[in-house]
4 protein chains.
Amino acid sequence: MPAHKIALVGAGRMGALHAANAASSARVDLVAIADHDMARAQQLGLETGAIARNYEQILADPDVSAVIVASSTSSHLENVIAAVRAGKAVFCEKPLSLDADTLAAALPDLETPGARIFVAFNRRFDPHLRELKRRFSAGDVGSAETLHIINHDPATPDLGFIPRSGGLFKDFTIHDFDTAAWLLDDGFVELFAAGACLIDPKIGELGDIDSAKLVLKSSRGVLCVISNSRRTGYGYDQWVELFGSNGALRADNVPSNEVRCLGEGGTGSAPFPYSFAERYAEAYRAELNHFADVLDGNASPATGPRDSLRALRLADAAERSFRQGAPVALEPSGGL
Amino acid sequence: MPAHKIALVGAGRMGALHAANAASSARVDLVAIADHDMARAQQLGLETGAIARNYEQILADPDVSAVIVASSTSSHLENVIAAVRAGKAVFCEKPLSLDADTLAAALPDLETPGARIFVAFNRRFDPHLRELKRRFSAGDVGSAETLHIINHDPATPDLGFIPRSGGLFKDFTIHDFDTAAWLLDDGFVELFAAGACLIDPKIGELGDIDSAKLVLKSSRGVLCVISNSRRTGYGYDQWVELFGSNGALRADNVPSNEVRCLGEGGTGSAPFPYSFAERYAEAYRAELNHFADVLDGNASPATGPRDSLRALRLADAAERSFRQGAPVALEPSGGL
Amino acid sequence: MPAHKIALVGAGRMGALHAANAASSARVDLVAIADHDMARAQQLGLETGAIARNYEQILADPDVSAVIVASSTSSHLENVIAAVRAGKAVFCEKPLSLDADTLAAALPDLETPGARIFVAFNRRFDPHLRELKRRFSAGDVGSAETLHIINHDPATPDLGFIPRSGGLFKDFTIHDFDTAAWLLDDGFVELFAAGACLIDPKIGELGDIDSAKLVLKSSRGVLCVISNSRRTGYGYDQWVELFGSNGALRADNVPSNEVRCLGEGGTGSAPFPYSFAERYAEAYRAELNHFADVLDGNASPATGPRDSLRALRLADAAERSFRQGAPVALEPSGGL
Amino acid sequence: MPAHKIALVGAGRMGALHAANAASSARVDLVAIADHDMARAQQLGLETGAIARNYEQILADPDVSAVIVASSTSSHLENVIAAVRAGKAVFCEKPLSLDADTLAAALPDLETPGARIFVAFNRRFDPHLRELKRRFSAGDVGSAETLHIINHDPATPDLGFIPRSGGLFKDFTIHDFDTAAWLLDDGFVELFAAGACLIDPKIGELGDIDSAKLVLKSSRGVLCVISNSRRTGYGYDQWVELFGSNGALRADNVPSNEVRCLGEGGTGSAPFPYSFAERYAEAYRAELNHFADVLDGNASPATGPRDSLRALRLADAAERSFRQGAPVALEPSGGL
């Protein structure tokens, strides 16, 4: 099958990552890159063999069959809708939007006949989480009883990002909401969120928190705990444990390498990765492969606008619970 | 220093464990055992070289300097007060009482001048938890930010025990409340408890739960998660992770042995212990050594009535939070 | 820098692996494939975007700057010399030859001015071994005292391969000889090899062995143990431990994934990979990157004909030791 | 069953360890201690509730039913024979003798009717090795093909001990010879030993070595590797891996505790124990329990003079192989 010609909008950090994966894939051919900063688009184009063009030209080009949207979050929805209107398949970095009502209102524009929108929740493509889900689905530990999701980042983001991040729950916990729903194949009926600014007081001054512990109850009664931290100091500490009626499955942390040093003070193992590009390298490649499957007509997008909306509504609920200091009841369907 | 002559009241499961440790200790000499079932006391006496006597006789014997109280929970407080009145030092299995108000009312009887009451919270003597606390206190991970306590038992207790257990929070989570307070050297200002009966519906029919997830906030702002399960199916899954400003410390599970089998399906490590006597063998021996230190006059009891009351008040708060479906505010001092 | 146009000779298992890596690399452009079986070359060409041509045409094409030699072992040397004569840089699967004297005699043809021959010992590019070497070189464990190399394959090769393999030492242990020399940056003065056919008697009937334990002494006095097995039944069990004056470094096995299952019989970790393409995926990509560095003029081949000869001479010595049942003395330089 | 009255000869390091275990055992009653240094015997007696007496008096005392021989190695055989003549059961620290011919000549004195001599090879009582043997015997990995024994001590012994140690093979490797024979339930037909003084040149000046790598072949064809080091710097690195036709069993190292510290430089696990009393605490207690079983008449000694002689003959063969630089052939029966 010949490679699909695709374009990229957004030549920032995530755009560069997806461009590099596209450039080394035999299944897609990255032909064009748009960015409001044309020089940045050109530079990334040089590195990946693509041409810098503006987004309107790209959408008008009949040879381009798909678009990767990795622009700033506030532009996602607009970029995606434009691409859908132009008949392009879409690979969109999460989230589609930071505002649930806006996203809900846009559903008719996103779910037009033939629209193919893949919202890239990278955790779903992590090989370790996938193996956990496979074994759980195979019945290896019986029925689910409780679920723990530990999601701790290596280091706090640039403070400049905090105000436009949407807050901890929408920017960060949103991964865990999607992971929990995906792993359990279930919705949630109750949520309690405790949060605090324990790491960097400047985050608190900006009205956000950097640490949270959440307890959720799923429709089928599974109790879930989510633990969030913006900074470990020791790399990506992100793992999942699912306790079932017949045992437990743990998708553990991934060390940088398997070298250990045995010395007077004990045995030292390698640190966890500090870079998301390293920690989730396989997940990002698998995302692109999945998108190529969609383009081939062999798969439907694993996650679409409604998954994004569901996770966003959970994030809103978490914010509400945290602000009110009380659990909140949820519609298990996520209001969908 | 000659061995201290001590006696035991309660020849059940815990009494037998402490009797065996006493019998193999050079620091104490187990001379007498009381039990409402005299035959049981005699049998345990045969195994440990002690004489079966009634509790009144034991307390009246000036040669006996201390008593281990391992009778049924409902008798603990009465047995302890009688021993204190008789001038004996006391080693009491937790809890002193299942009712916080009763215990609070009894404090004057328990805290008479010269009274020495050690309430045996075994986790405090687990060498792994002690090492975690030692390293935390030494500053190895900076200041505490969050704490996770996983406390999952191998198997549900006999259903007959459930009604007299005091309920999950008082019987089981109480260990975690004490562990959290001890590790952090801090009290708690807020608690939210979610619980469910997920393992055995018969426990639910008896009005109790078998699974719980709690979120606590300490006076100094540390966020704590406690996870409880009455049954793993794979042994004692009980560990603690303390996240600090400069790293994390984990006191991990203890395997039964270090043998691994490498086979077609992967690498199999040994199961965790299924028996508390095996899992906490060193902790129980260390408890007795600590008590011998108290008898030698070289230590004060590491935990006393007020620790027991504090944990009990947290258990009451958990029950309230669970019943009300809302967080409850706490006095950090535990009302002490 | 524009991608280097390269060709491949040999469209078998290793050829296909290198072709796939080349096809997904932005640094090289695989343009042609030769194989005595033209249909096979065409098929692989279809999958990787290359054209099937005969080897003479390829060597005559001035646009082709380099050749990957992955033909059958017996053709390696001839293919390499032809490529060198044609002025092409060469990436050659190990070994250059199965006969040390033949290889020694060919050195003048291989070491002509400007010749660039990279003999691909994949272990040198394994990220875990490289990290071990980096840390050893950084002095993390002091000076080397002893070295253990465990090299156990998942499954015996096809019996048809055994007669043309060169025997266990030349086909299999040769990796370990190169690894030991590379890690220690040292030659060897003595070698003792014990071997046996313990796994499959048919291998013995073919005059070969399937298991071996070797002890070597290096010029600087380091004692090395090499353990070989043709079949574990549980995947690639290949790791290295280097004991130094100040601790030890271990490059441990690499599990297929980080999922563990906790069940009644214990904790099950994922198996080690069964496929060399999976176990050494990063190493093969790194080999190609190194070769691209050579083509860029930024590196000299990490391993060349003399490394291949040195390893081959050690393999000959091992065969001799095994046949004679006695240690053999070696020239530390490997006779180079 | 009443406790057996036993005595100890030798109040040094090993004597003190056995005395402490005896003092805390309900199955034996340590009543007397002999030592050429009477003050040392008295001191240990104070600590363990035993009386210092000379060895002749002890042997003449009909109340004493057994003797633990932990005197200096050169006195072992004489002390044991005297005890056997006095009708006492004997628990003897390994080795019975450093000279194989002397020991062989003494067999008639040691194997008189009714003689009960337990030679304490502590490794056989290590719970991890026992579990490995149990699983191997249960067929968990099929038939044995190869065996690796890693035996590295934390630190070199006092240099004063070296001349009277009997040399590395008799003092240290002897454990591994016994372990190999016990695990495989097999004798050996060939042995090659390479050794060197790599750690402390003073050991070499005393005519001994501090590092060795041995390859043995068992009667049934199992290839064994033994790795010895007098000093790791990081504690007891002593483990065993048995490779079978259907998988492998590893009895891994035992960490001091299960606490890990996750920090910037990686994950640090606890060191291995530095003290043999800690590393083999359970083994030493199990030895004493086994001896109590022997005294009860419920067991025969697990290891006796012939096991000691077999290991000693292997040590002699290793010395010969090392000195000659060549493998040596062995009688599989160990000459017994």
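So how strong a dipole does chain C carry about its Cα centre when Lys and Arg Cβ are +1 and Asp and Glu Cβ are -1, to the nearest 20 debye?
Roughly 260 debye, rounded to the nearest 20.
Using a/c under 1.5 as the rounded threshold, could you call segment C:1-158 rounded, prolate or oblate? The axes a ≥ b ≥ c are square roots of the C-alpha gyration tensor eigenvalues, and prolate needs a/b larger than b/c, oblate otherwise.
Verdict is prolate for segment C:1-158.
Over chain B, what is the mean sequence separation of C-alpha contacts under 8 Å (at least six apart), divided by residue count, expressed as relative contact order in percent?
19
Report the extension gain between D:Ala138 and D:Asp185 in nm, rounded to one decimal, defined as 0.36 nm multiplied by the number of residues separating them, less their alpha carbon distance.
The D:Ala138-D:Asp185 span can extend by a further 15.5 nm.
Please check: in the Gaussian network model of chain C (C-alpha springs, under 10 Å), which one of C:Gly195, C:Gly263, C:Gly325 has the largest mean-square fluctuation.
Its mean-square fluctuation being the largest, the pick is C:Gly263.
Please list, in chain and number order, the residues 5+ apart from B:Ala34 or on another chain whose amide H is under 5 Å from its amide H, with Hs placed from the backbone.
B:Leu8, B:Val9, B:Gly10, B:Arg53
What are the distances, in nm and sorted shortest first, from the label point of A:Arg320 to the label points of the same position in each other copy, with each label point placed 7 Å from Cα along the Cα-to-Cβ direction?
In ascending order, 2.7, 8.3, 8.7 nm.
How would C:Ser256, B:Ser321, B:Ser75, B:Ser245 line up from fewest to most surrounding beta-carbon atoms within 10 angstrom?
Neighbour counts put them in this order, fewest first: B:Ser245, B:Ser75, C:Ser256, B:Ser321.
Taking the alpha-carbon centroid of each part, what is the distance from segment C:159-220 to segment C:126-154 in angstrom?
19
Just which residue of chain B brings its Cβ nearest the axis of rotation onto chain D, and by how many angstrom, rounded whole?
Spelled out, residue of B and its Cβ distance from the axis onto D: B:Ser24, 2.
Using modelled backbone amide H atoms (1.01 Å from N, in-plane), which distant-in-sequence or interchain residues come within less than 5 Å of C:Leu198's amide H?
C:Asp210, C:Ser211
For B:Glu56, which inter-copy label distances result when the label point lies 7 Å beyond Cα on the Cα-to-Cβ vector, reported in nm to one decimal and in ascending order?
Reported distances to equivalent positions: 6.0, 10.2, 11.7 nm.
From the phi angles alone, apply the Karplus equation (6.51, -1.76, 1.60; θ = phi - 60°) to segment A:60-76 and give each ³J(HN,Hα) in whole Hz, x where the residue is Gly or Pro.
For segment A:60-76, the Karplus-derived couplings read 7, 7, x, 6, 7, 9, 7, 10, 9, 9, 10, 6, 5, 3, 5, 9, 3 Hz, x marking Gly and Pro.
Taking neighbour counts of Cβ atoms within 10 Å as a proxy for exposure, in what order, fewest first, do B:His148, A:His18 appear?
In order of increasing Cβ crowding within 10 Å: B:His148, A:His18.
Which entries of C:Lys213/D:Lys94; C:Lys170/D:Lys213; C:Lys213/D:Lys170; C:Lys217/D:Lys213; C:Lys133/C:Lys213; C:Lys213/D:Lys217 have Cα-Cα distances beyond 20 Å here?
C:Lys213/D:Lys94; C:Lys170/D:Lys213; C:Lys213/D:Lys170; C:Lys133/C:Lys213
I want to verify the translational diffusion coefficient of segment A:237-329 in µm²/s; compute it with Stokes-Einstein, Rh as the Kirkwood radius over Cα pairs, at 10 °C and 1.306 mPa s.
89
Between A:Leu206 and B:Ser245, what is the label-to-label distance in nm when each label sits 7 Å out along the Cα-to-Cβ direction?
Each label point lies 7 Å from its Cα, and together they span 2.0 nm.
Which far-off residues, 5 or more places away or on another chain, put their amide H under 5 Å from the one on C:Lys5, with H placed in the peptide plane?
So C:Lys5 has HN proximity to C:Asp29, C:Ser65.
By its C-alpha gyration tensor, with a ≥ b ≥ c as the square roots of the eigenvalues, how is the protein assembly as shown shaped: rounded for a/c under 1.5, else prolate for a/b larger than b/c, else oblate?
Oblate, since a/c reaches 1.5 and b/c is not below a/b.
For the residues C:Ile6, B:Ile203, what sequence is obtained by ranking on other C-beta atoms within 10 Å, fewest first?
B:Ile203, C:Ile6
Calculate the length of the line joining the C-alpha centroid of segment B:301-325 to that of segment B:30-97, in whole Å.
Distance between centres, Cα-based: 26 Å.
Indicate the gyration tensor shape class of segment D:111-177 (rounded, prolate or oblate), computed on the Cα atoms with a ≥ b ≥ c the square roots of the eigenvalues: a/c under 1.5 is rounded; otherwise a/b larger than b/c is prolate and the rest oblate.
Here segment D:111-177 falls in the oblate category.
Based only on the alpha carbon positions, what is the Kirkwood hydrodynamic radius of chain B, in angstrom?
Computed over Cα pairs of chain B, the Kirkwood hydrodynamic radius comes out at 20.9 Å.
Please list, in order along segment A:148-160, the HN-Hα scalar couplings obtained from phi with the Karplus expression 6.51 cos²θ - 1.76 cosθ + 1.60 (θ = phi - 60°), rounded to whole Hz, x for Gly and Pro.
Calculated HN-Hα couplings, in order: 10, 10, 9, 9, 10, 7, x, 8, 4, x, 3, 4, x Hz.
Which distances in nm, rounded to one decimal and ordered from shortest, link the label point of A:Pro2 to the equivalent label points in the other identical copies, with labels set 7 Å from Cα toward Cβ?
For A:Pro2, the other copies' label points sit at 2.3, 10.1, 10.2 nm, shortest first.
Just the C-alpha atoms of segment D:213-291: what Rg/Rh do they give, with Rh taken as the Kirkwood radius?
1.06
So if a site counts as exposed when it's one of the GluC sites (Glu not before Pro), its DSSP state isn't H, G, I, E or B, and it has at most 15 other Cβ atoms within 10 Å, what's the longest stretch of chain C without one?
The longest uninterrupted stretch comes out as C:112-263.
How much of the DSSP beta bridge set in chain C is antiparallel, as a percent to the nearest 5?
Of those bridges, close to 55 percent are antiparallel.
Among B:Asn298, B:Asn54, B:Asn289, which one shows the biggest mean-square fluctuation in a GNM of chain B, springs joining Cα atoms closer than 10 Å?
B:Asn298
Each value in this text was obtained by applying a stated rule to the coordinates, not by laboratory testing. Note that the coordinates shown come from a computational prediction; the quantities given were computed from them, not determined experimentally. Cβ coordinates were reconstructed from backbone atoms using ideal geometry, including for glycine residues, and neighbour counts include every protein chain displayed.
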